[in-house]
Amino acid sequence: MTARGPLRLTADEQARFTPPPDAAPRSPLTTDCTACGACCAAPDIHALNKPLGVPCVNLGPDQGCGHLCAIYVTRPGVCRSYQPDWVCGEVAPLPTLDARTRRFLEIYGLQQLP
Ligand code: SF4
Ligand code: SF4
């Protein structure tokens, strides 16, 4: 297995980024969404020095809805440019941030580093 890039994806894992045939297209909007927090917890975010699978330090309490980012108005560009996609529909309905994070990682074939 060859590590590739910051997300450490293999070719097989990369294939998981391909949406299912019946998935809704990625939103053209860089919409204001920290509603479920999965994208603030699951991926590694170098701009924030945030490791894979670890909630961002700016992520608020897991309330399951609403904006959870404590620095929402001043959040960095990498967060502002995130475009929700079909994965949101998979993770957002799950009841806890931990469950949403684990499903996000599972979909993308990512594993937390030891
Ligand atoms: S994973 Fe999707 S639904 Fe959840 S906070 Fe991020 S953009 Fe919003
Ligand atoms: S800064 Fe805010 S929007 Fe960006 S990852 Fe952290 S909690 Fe999410």
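In the range 86-99, how many residues are closer than 13 Å to T34 by Cα and not aliphatic (A, V, I, L, M)?
Count: 1.
Going through the range 65-112 one residue at a time, which ones are within 16 Å of ligand 2 (Cβ to nearest atom), basic (K, R) and in a helix (DSSP H, G or I)?
Listed by number, the residues that qualify are R80, R100.
One line per residue, one yes/no per condition, for (1) touching a Lys or Arg at 6+ places or on another chain (Cβ under 8 Å); (2) modelled with pLDDT of 90 or more:
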residue	(1), (2)
C40	no, yes
D44	yes, yes
A47	no, no
K50	no, yes
H67	no, no
R75	no, no
D98	no, yes
R102	no, yes
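Could you list, in sequence order, all residues of the range 76-109 that are within 18 Å of G60 (Cβ to Cβ) and of a type in the set (S, T, N, Q)?
Once the filter is applied, which keeps residues that are within 18 Å of G60 (Cβ to Cβ) and of a type in the set (S, T, N, Q), the range 76-109 yields T96, T101.
The values are calculated or read from the model by the stated rules, or taken from the named source; none is laboratory data. Everything quoted here is computed from the prediction, not taken from an experiment. Glycine also receives a Cβ, built like all others from the backbone with ideal geometry; neighbour counts cover every protein chain displayed.
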